[in-house]
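Structure, as structure tokens:
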Amino acid sequence: MAETMELPATRREDVQQAVPVHEGGRLVLRSDMLEATVSPKEGGRLATLRDLSGTAPRDLVVPLRAWPAEPRRWPKGGAYPLIPYSNRIAGGCLHHAGRVWSVEPHPDAAPHSLHGTAHLREWEVESSAPTRAALTLSAAPDGDWPWPYLARQSFELTPETLRIELSIENRGIEAFPVGLGWHPYLAWSPDAEIRHDARRRWLYGEDYVATGETIPADAVGSRTSYLSDWTGLEISHADGHSVRVTTSPALSHLVLHRPDDDAYLCVEPVSHVANGFNLAADGIAGTGTHLLEAGASFSAWVELGPGRRGAKPAAGREIDP
């Protein structure tokens with residue numbers, strides 16, 4: 001029988017102190033075409049990203065406003081890092097190396113955990129300049145994750161895009177499974193179209209835990225889709241504006257989600273499917289699970305920016321137009 005490893009739960013007051021309700025302290029990055037604000041104190045989030053190329057600034061992500069009272073019910077705005085994993089770990093139980101490690105469930109996804117907790121911690125500013133910034137986070141083992149790690153994010157405005165680089169380093173003495181990803185809330189309109197080049201769709205149950213079964217990505221989708229084997233995506237609006245997202249090969253999985261009120265669109269480039277660590281432990285192939293040896297690092301990048309105004313998206317698979 002697998003041994004269950006219990007670790008002290010993260011104290012509520014610790015999380016509140018790590019990510020307070022905070023309006024100031026954001027770093028402002030600006031290029032000729034783009035302006036971004038980054039909030040180290042609010043989980044290392046991208047707070048805003050605006051396209052300055054038109055007659056009036058245009059939000060590419062839903063602006064991050066005030067943080068609600070409940071720290072684990074984060075605001076639906078900006079973009080945040082998914083470290084050391086993305087999406088759900090079923091039942092809050094991580095199967096690895098013949099053991100079952102307990103991780104804290106999320107109140108809105110219980111009994112499952114959700115999206116790691118790097119975005120609930122205050123990050124340190126490693127460096128900053130007019131068009132770029134780098135943040136770091138050193139995490140000790142706790143009830144949210146049983147192994148120590150060092151995470152890093154860098155944000156850089158190029159002439160046409162925002163480039164985000166993510167990495168995680170194993171600071172422990174044993175290997176553990178990890179994932180990386182980024183979770184932006186993109187501006188959405190009912191007339192928008194989404195096109196992507198993903199080839200596989202992963203099925204999931206009522207609680208959004210992937211089953212391990214896949215079908216072709218051109219099958220009928222839903223408001224929430226788990227995709228893989230993709231390289232790029234474009235959102236085209238009726239007024240001629242568009243947004244492009246591209247990633248490194250390490251982020252071979254993609255989550256698309258729209259709430260019923262169409263308030264935003266989540267486009268989440270991630271390295272693994274939901275509950276991928278446990279699926280991999282069960283022998284399921286293609287989950288994207290990455291085993292990080294002691295002292296080793298895993299990295300990836302995402303680029304987000306406006307597409308060419310008036311251009312139609314490249315041929316691809318359309319989902320939920």
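The values are calculated or read from the model by the stated rules, or taken from the named source; none is laboratory data. A quick note: this is a predicted structure, and the numbers were derived from the prediction, not measured. Positions of Cβ are generated from backbone atoms using ideal geometry, with glycine treated the same way; all protein chains shown enter the neighbour counts. When the accessible area is computed, the model is the full protein with side chains, heavy atoms only, and any ligands, DNA or RNA have been set aside. Shrake-Rupley method; radii C 1.70, N 1.55, O 1.52, S 1.80 Å.
Assorted remarks:
- Rounded to whole numbers, the Karplus 3J(HN,Hα) couplings from phi for segment 169-179 are 10, 6, 9, x, 10, 9, 6, 8, x, 9, x Hz, using 6.51 cos²θ - 1.76 cosθ + 1.60 with θ = phi - 60°, and x at Gly and Pro.
- Rounded, prolate or oblate (a/c below 1.5 giving rounded, otherwise prolate when a/b exceeds b/c) for the chain by Cα gyration tensor: oblate
- Within the chain, DSSP assigns beta bridges of which about 95% are antiparallel (rounded to the nearest 5).
- Amide H contacts of L34 (H built 1.01 Å from N, under 5 Å, at least 5 apart or other chain): L52
- Computed from point charges on the beta carbon alone (+1 for Lys and Arg, -1 for Asp and Glu), the dipole magnitude for the chain about its Cα centre is near 500 Debye.
- The GluC sites (Glu not before Pro) of segment 195-268 that DSSP puts in a loop, and whose beta carbon has at most 13 other beta carbons within 10 Å, are E206.
- Under the criterion of Cα pairs below 8 Å and six or more residues apart, the relative contact order for the chain equals 18 percent.
- Just the protein heavy atoms count here, and of the accessible area of the chain at 1.4 Å, carbon and sulfur take up 50 percent.
- Cα-centred dipole magnitude for segment 201-264, charges only on beta-carbon of K, R (+1) and D, E (-1), debye, nearest 20: 220 debye
- Dipole of segment 156-297, positive end: most advanced residue of H290, L265, A217 [Cβ charges, Cα centre]: H290
- Hz values of 3J(HN,Hα) by residue in segment 129-145 - Karplus curve (6.51, -1.76, 1.60), Gly and Pro given as x: 8, x, 10, 7, 8, 10, 10, 9, 9, 9, 10, 8, x, 7, x, 8, 7
- Averaged over its residues, the chain has an accessible area of 42 Å² per residue, based on protein heavy atoms and a 1.4 Å probe.
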